[in-house]
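Student: Attaching a single structure in structure tokens format; questions to follow.
The values are calculated or read from the model by the stated rules, or taken from the named source; none is laboratory data. Since we're looking at a predicted model, the values are computed, not measured. Please note: Cβ atoms are built from the backbone with ideal geometry, for glycine as well, and neighbour counts cover all protein chains shown. Please note that ligands, DNA and RNA were not included when accessible areas were found on the heavy atoms of the full protein model with its side chains. Shrake-Rupley method; radii C 1.70, N 1.55, O 1.52, S 1.80 Å.
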There are 2 protein chains.
Amino acid sequence: MTYRTHTCSELNASNVGQNIKLAGWTARKRDLGGFIFIDLRDKYGKTQVVFDQSPELAQTARELHSEDVVQIEGTVRHRPDGMVNRNMKTGEIEVTAAVINILSRANHLPLEVEDEEEPGSELRLRYRYLDLRRPRMRKNLLLRHKALQSVRNFHTELGFIEVETPFLIRSTPEGARDYIVPSRERPGSCYSLPQSPQLYKQALMIGGIDKYFQLARCFRDEDLRRDRQPEFTQIDVEMSFVEEEDVFTHTEAMMQRLVKDTIGTDIQIPFPRIEYDDAISKYGSDAPDMRYELLIKRCDDFFSGSGFKAFENVINEGGGVFGICAKGKGGLSRKERERLEEPARTQGLAGLLSVPFTDKGLTGIIGKLFKEDKQTELCKHLSAEKGDLLLFAAGKVKLTLEALGRLRRKLAQLWDLEDKNELAFCWVVNPPLFEPIEDSDGITAVHHPFTAPNEEDIDKLESDPLNVYSRAYDLVLNGIEMSTGSIRIHDPELQQKVFKAIGIDNIEAKKRFGFLLEALSYGAPPHAGIALGFDRLVMLLAGETTIRNIIAFPKTNVASSLMDGAPAEIEPEQLRELGLKLIRNETAEDAEKAEK
Amino acid sequence: MTYRTHTCSELNASNVGQNIKLAGWTARKRDLGGFIFIDLRDKYGKTQVVFDQSPELAQTARELHSEDVVQIEGTVRHRPDGMVNRNMKTGEIEVTAAVINILSRANHLPLEVEDEEEPGSELRLRYRYLDLRRPRMRKNLLLRHKALQSVRNFHTELGFIEVETPFLIRSTPEGARDYIVPSRERPGSCYSLPQSPQLYKQALMIGGIDKYFQLARCFRDEDLRRDRQPEFTQIDVEMSFVEEEDVFTHTEAMMQRLVKDTIGTDIQIPFPRIEYDDAISKYGSDAPDMRYELLIKRCDDFFSGSGFKAFENVINEGGGVFGICAKGKGGLSRKERERLEEPARTQGLAGLLSVPFTDKGLTGIIGKLFKEDKQTELCKHLSAEKGDLLLFAAGKVKLTLEALGRLRRKLAQLWDLEDKNELAFCWVVNPPLFEPIEDSDGITAVHHPFTAPNEEDIDKLESDPLNVYSRAYDLVLNGIEMSTGSIRIHDPELQQKVFKAIGIDNIEAKKRFGFLLEALSYGAPPHAGIALGFDRLVMLLAGETTIRNIIAFPKTNVASSLMDGAPAEIEPEQLRELGLKLIRNETAEDAEKAEK
């Protein structure tokens, strides 16, 4: 039996008179008394089927439920005048059915497939297989498919080799967030699932593979509230004998191709680059959203000795005063301006001084304290013109910048400055190599410990590590970090120095990264790479706001799958086979004692 | 700094006179006193570099070790007459170096990269990054890359959608061989890693995705001695509204394209099809190697009442006598024929009767017991001609067929009948749905419990399940099972009947496969699919005999990675976070008690 000769989107006037077979779901049914219309739906579209050839056929059709799966045989004919639907691919024709086979009955559905209205997100996840019948998820999965192929074709054409790296690996440095997989062969030993193929792609470079890529599934057991998933896909790339410029050029060309192949848009390359320190001081963020201005400018010089005590005190205590010019917002009412104070405080600012630039110059306290030429100078400093609104905040430098960075985003949302159709990429380059560990004297690598320090900073590794900058680079899209990458260390001695700076001594380093250190000693080429968050990228291309909408079977924010019920309780017997048992009812100390 | 203007395989006579940069590994070094030659190697090839411009440069080159990574700048020139190497892509030219930069020093290597001789397999796995520098692995990884792209392009062109299914899933039916992943959020609960995306691809069909494919990593915690890996890649395909013929046509076209895209060979399609029962009775195997004859034929009729007591007894006890004709092997000496008995016994046969078909007819005991016309008839039955050797064995039917199937392979190896360049595909169709569980009264699914029974056998599901045949199909290549696939059950009631037959009652079914059963009740299309073992396929295309040679970072037969040392012992603290502890030093019974 052939189920279908055509899909439900194919038939048109040129098929009139043909005998055809279609198969699909019963999308809508209209009962006109003597005969019945149904819209038959498959992945590709819908076709109107009429049951008007016999009362028996009409009766069978009458008894169909929503989402019953049927096959029909029939003849294509023109729709009657006035019934043509120009908005539908098959709108010129209808099929008059001669035979109907019911392939599968559908119970009453827990969510409506044909409704315009979106079902609740819990229902959508629980019955994902029904949600997938809706146009939104279908469109997103197709876009994702295209993006996957685009990335692979791009790399293949350039001579990159796709290598599948292992999923059952040895624990990685950020071990605390690794998923572990107990070994049956060796009870007490475990694999871990990779947070990224980092060490393996470096091994490939040392193995002379020269150009590698992979669409790699990665795993991270971490807080999922910020729209993260325990498993995610990254575009993983590594190249030998390259420098920053090569990676930038490569990535920009990939993104250009990817955007074109998926949504048909041409994007401008090269992408703007911004030094990490500048990103922090101008945007209050290491992932600046370039779609709007609202640049942060330091204004200490204007306020010290100005007589504005609150700000003067901050400056005297080593803090800073920062201003932002909000274009065209000078006309906001006092009430509207006061309303800005709440998000400012939510983002961590002590207060927000808002000063309209009116025909009479700056108003409010600044208007009172600052003479006209100083006002002019301040406005010039902030690139402000009449009709703009100036916002000022003061406090500890780092905290205030970060708070202003967050406020910047809130204001952009409030004032609708984010162009949803714009794709504003930028590179953030030259970040610090290390950062302090919270509540500790130690430092840790900002990216990962295989990132090369800037050549000229190498002698500061021991003496002044927090002022060592690195050869890392982030790609940012619309204020979202899309990728991290770096020139890697290819000198085993330098690698050990970096380990030492973050408190990993030689013995520990050998234990944790032994194979990489040894591999580096057998002739490692200079190499660099990048890893792009594929889910997030597809999300932005699809115009979605959560990655759950571009993953076929995602997990909730407590890492569970509502569809299959994973994770599930495990039988004690299964654990025993792995040499493990539950300590659910014991405290950690009890377990510790029991171990001794 | 640009590391290179060309790769080490690019330069030829047309580049003579150009100033170029190359980077790569020091492959070979020859010291001609005044000046030094090195072969510089990268992924793409080798180039001869001469250090003859200054004594200092020559001295630096003299001190290079094997596998040191260097960059050189120099000028391309013709090789002197008589020094041209036509076997080398860059054999017309050499580069006279003006500058050398040592990028990376190499310690003495534990395995030789440039030797013809293959290092030991343990060394190769331990230092995989060095093994990858050898041509063999590089060639294999490139072939694998091409195969990956071929499969994806093929499916994309046909409108299939690649969907990434989850790796952290709920445990599957064959749970005992699942790798489990403890959940941190819910101590005592676990995910498992998929043995295949079976349930998810069925969910996609129920979701209306129509045509799905994926190059899916799968995991199975099982005996690895038979050249298996704990993680492997499968070409996973599922389609809606299709029947067996559609899957066959699709798979054959994919294989044709894949073989062409990778090794350039045209293969014949369609592939021969053989009924499962015929495969067993003719080849003694459900994965017949079609490259050679050595067909098995049942010969009971000839031996009952023949006076050959040993065989008569077997027949009387319900067993069978089977013959194989070995073409052209009639001339083997008695000694050579006796030597066949050992592999026969190793494969499980009680004995092997070998009878040359000589000018005087059949010799030995059959010659004595069988009259001439009976001899002629027997030879005709076995398609034997003069000069052939007839082999006979008797015993319990199933065991003897299986033993002869294994013997058939041994003989083919012994007599070199396996054409390494031939790709002999065949479909094995219509296998039984169930098989008995060893040492138990129960039965289990031969493939998996989602396989559809043959329509006409459905009423035997309860009464005579072992005689229910299924709509499954295996693709076999050169005697190796390449894939399994089937028409799936899309009727929830039929699915429950099949579960029941294998001892899974409704409650258990709901617990284990609840979401699938529910999904089937909301309008499931008829669907079918196939899963091809990608590693094994690439292995055969590459002419390799172990899948370890076509996986970048494989594991040993105790599932450990010699390169990174996985699996590794885990800190008790890490286990405690997961609500687990080791019971290594307790017996299972102790643990059981402690649990209560």
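A quick yes/no check of all residues on (1) outside the structural domain of B:E222 (by TED's automatic domain parsing); (2) at pLDDT 90 or above; (3) open to solvent by less than 50 Å² (accessible area, probe 1.4 Å):
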| site | (1), (2), (3) |
| --- | --- |
| B:G543 | no, yes, no |
| B:V558 | yes, no, no |
| B:S561 | yes, yes, yes |
| B:P567 | yes, yes, yes |
| B:I570 | yes, no, yes |
| B:L582 | yes, no, yes |
| B:E592 | yes, no, no |
| B:K596 | yes, no, no |
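Student: If a residue has to be over 45 Å from the mean Cα position of the chain (by Cα) and open to solvent by less than 60 Å² (accessible area, probe 1.4 Å) to count, how many in segment A:53-96 make the cut?
Tutor: Total meeting the criteria: 10.
Student: For residues that are in a loop (DSSP other than H, G, I, E, B) and within 9 Å of chain A (Cβ to nearest Cβ), scanning just segment B:109-133, find the one that is modelled with the lowest pLDDT.
Tutor: Applying the filter and picking the extreme gives B:V113.
Student: While we're looking at this one, here's another question. Can you find even one residue in segment B:30-37 that is modelled with pLDDT of 95 or more, within 12 Å of another protein chain (Cβ to nearest Cβ) and either more than 22 Å from B:E112 (Cβ to Cβ) or assigned to a strand (DSSP E or B) (or both)?
Tutor: Taking every residue of segment B:30-37 in turn, none turns out to be modelled with pLDDT of 95 or more, within 12 Å of another protein chain (Cβ to nearest Cβ) and either more than 22 Å from B:E112 (Cβ to Cβ) or assigned to a strand (DSSP E or B) (or both).
Student: Hey, can you tell me all the residues within segment A:179-210 that are closer than 23 Å to B:R124 by Cβ, in a loop (DSSP other than H, G, I, E, B), open to solvent by less than 10 Å² (accessible area, probe 1.4 Å) and of a type outside the set (A, V, I, L, M)?
Tutor: Across segment A:179-210, the qualifying residues are A:S183, A:P194, A:P197, A:G207, A:G208, A:D210.
Student: Find the strands (runs of 3 or more DSSP E) located wholly in segment A:359-463 whose residues include 3 or more that are in contact (Cβ under 8 Å) with a residue 60 or more places away in the chain, and list them.
Tutor: A:389-395, A:425-429
One line per residue, one yes/no per condition, for (1) modelled with pLDDT of 95 or more; (2) within 30 Å of the chain's Cα centre (by Cα):
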residue: B:M255; (1), (2): yes, yes
residue: B:P270; (1), (2): yes, yes
residue: B:D277; (1), (2): yes, yes
residue: B:C299; (1), (2): yes, no
residue: B:K309; (1), (2): no, no
residue: B:G323; (1), (2): yes, no
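Student: Separate question: Which condition from (1) surrounded by 13 or more Cβ atoms within 10 Å (Cβ to Cβ); (2) closer than 19 Å to A:C8 by Cβ; (3) aliphatic (A, V, I, L, M) is the one that A:L125 breaks?
Tutor: Just one mismatch for A:L125, condition (2).
Student: OK, next. Could we say that B:G503 is on the phi > 0 side of the Ramachandran plot, of a type outside the set (A, V, I, L, M, F, W, C) and in contact with a strand residue (DSSP E or B) (Cβ under 9 Å, 6 or more places away or on another chain) here?
Tutor: The answer is yes for B:G503.
Student: Okay, next question. Quick check, is A:F160 among the hydrophobic types (A, V, I, L, M, F, W, C) and open to solvent by 10 Å² or more (accessible area, probe 1.4 Å)?
Tutor: In short, no.
Student: Condition check: open to solvent by 60 Å² or more (accessible area, probe 1.4 Å), modelled with pLDDT under 85, under 29 Å from A:E67 (Cβ atoms) and not hydrophobic (A, V, I, L, M, F, W, C). Does B:K510 satisfy that?
Tutor: Yes, satisfied.
Student: Do you know which residues across segment B:171-220 are hydroxyl-bearing (S, T, Y) and within 9 Å of chain A (Cβ to nearest Cβ)?
Tutor: B:S171, B:Y179, B:S183, B:S189, B:Y191, B:S192, B:Y200
Student: Applying the selection to segment B:232-282, what residues are under 30 Å from B:K555 (Cβ atoms) and either without any contact (Cβ under 8 Å) to a residue 40 or more places away in the chain or in contact with a strand residue (DSSP E or B) (Cβ under 7 Å, 6 or more places away or on another chain) (or both)?
Tutor: Across segment B:232-282, the qualifying residues are B:F232, B:T233, B:Q234, B:I235, B:D236, B:V237, B:E238, B:T251, B:M255.
Student: To continue, here is another question. Considering only segment B:272-324, give the helices (runs of 4 or more DSSP H) lying wholly within it that have at least 3 residues that are hydrophobic (A, V, I, L, M, F, W, C), at positive phi and buried (at least 22 other Cβ atoms within 10 Å of the Cβ).
Tutor: Per the criteria, no element qualifies.
Student: Here's a check for you: in segment A:238-264, which residue that is among the aliphatic types (A, V, I, L, M) and either assigned to a helix (DSSP H, G or I) or open to solvent by 30 Å² or more (accessible area, probe 1.4 Å) (or both) is farthest from B:A23 (Cα to Cα)?
Tutor: Looking at the filtered set, the residue picked out is A:I263.
Student: Related question: B:G348 is checked against (1) touching a helix residue (DSSP H, G or I) at 6+ places or on another chain (Cβ under 6 Å); (2) more than 25 Å from B:A287 (Cα to Cα) and fails just one. What number does that condition carry?
Tutor: Here B:G348 clears every test but (2).
Student: Sticking with this structure for a sec: Would you mention how many residues in segment A:186-218 are modelled with pLDDT under 95, under 23 Å from A:I487 (Cα atoms) and among the hydrophobic types (A, V, I, L, M, F, W, C)?
Tutor: 1
Student: Can you run down the residue pairs with Cβ atoms below 6 Å, 6 or more apart or on separate chains, where the first is in segment A:83-106 and touching a residue at least 40 places away in the same chain (Cβ under 8 Å) and within 14 Å of chain B (Cβ to nearest Cβ) and the partner is open to solvent by 30 Å² or more (accessible area, probe 1.4 Å) and of a type outside the set (D, E, K, R)?
Tutor: So the pair list comes out as A:A106/A:H65.
Student: Looking for whichever is buried (at least 16 other Cβ atoms within 10 Å of the Cβ), within 25 Å of B:L125 (Cβ to Cβ) and of a type outside the set (D, E, K, R) here; the options are A:L517, A:L477. Which one fits?
Tutor: After ruling out the rest, the residue left standing is A:L517.
Student: I've got another one for you. Looking only at segment A:545-556, which residues are hydrophobic (A, V, I, L, M, F, W, C), open to solvent by less than 10 Å² (accessible area, probe 1.4 Å) and touching a Pro at 6+ places or on another chain (Cβ under 9 Å)?
Tutor: Once the filter is applied, which keeps residues that are hydrophobic (A, V, I, L, M, F, W, C), open to solvent by less than 10 Å² (accessible area, probe 1.4 Å) and touching a Pro at 6+ places or on another chain (Cβ under 9 Å), segment A:545-556 yields A:I547, A:A552.
Student: Name, by its number, the condition in (1) of a type outside the set (K, R); (2) open to solvent by less than 10 Å² (accessible area, probe 1.4 Å); (3) not assigned by TED's automatic domain parsing to the domain that holds A:T249 that does not hold for A:F213.
Tutor: (3)
Student: Now, a different point. Limited to segment B:128-147, what total is found for residues that are buried (at least 20 other Cβ atoms within 10 Å of the Cβ) and free of Cβ contacts under 8 Å to residues at least 12 places away in the same chain?
Tutor: Residues meeting the conditions: 1.
Student: Now for a separate question. Scan segment B:152-170 for residues that are at the interface with another protein chain (Cβ under 7 Å from one of its Cβ atoms) and touching a residue at least 40 places away in the same chain (Cβ under 8 Å) and report the count.
Tutor: 7
Student: All but one of (1) open to solvent by less than 40 Å² (accessible area, probe 1.4 Å); (2) at pLDDT 95 or above; (3) away from every other protein chain (no Cβ under 14 Å) hold for A:Q18; state the number of the condition that does not hold.
Tutor: (1)
Student: Quick check: anything in segment B:225-236 outside the structural domain of B:F322 (by TED's automatic domain parsing), surrounded by fewer than 16 Cβ atoms within 10 Å (Cβ to Cβ), farther than 20 Å from B:V538 by Cβ and at pLDDT below 95?
Tutor: For segment B:225-236, residues outside the structural domain of B:F322 (by TED's automatic domain parsing), surrounded by fewer than 16 Cβ atoms within 10 Å (Cβ to Cβ), farther than 20 Å from B:V538 by Cβ and at pLDDT below 95: present.
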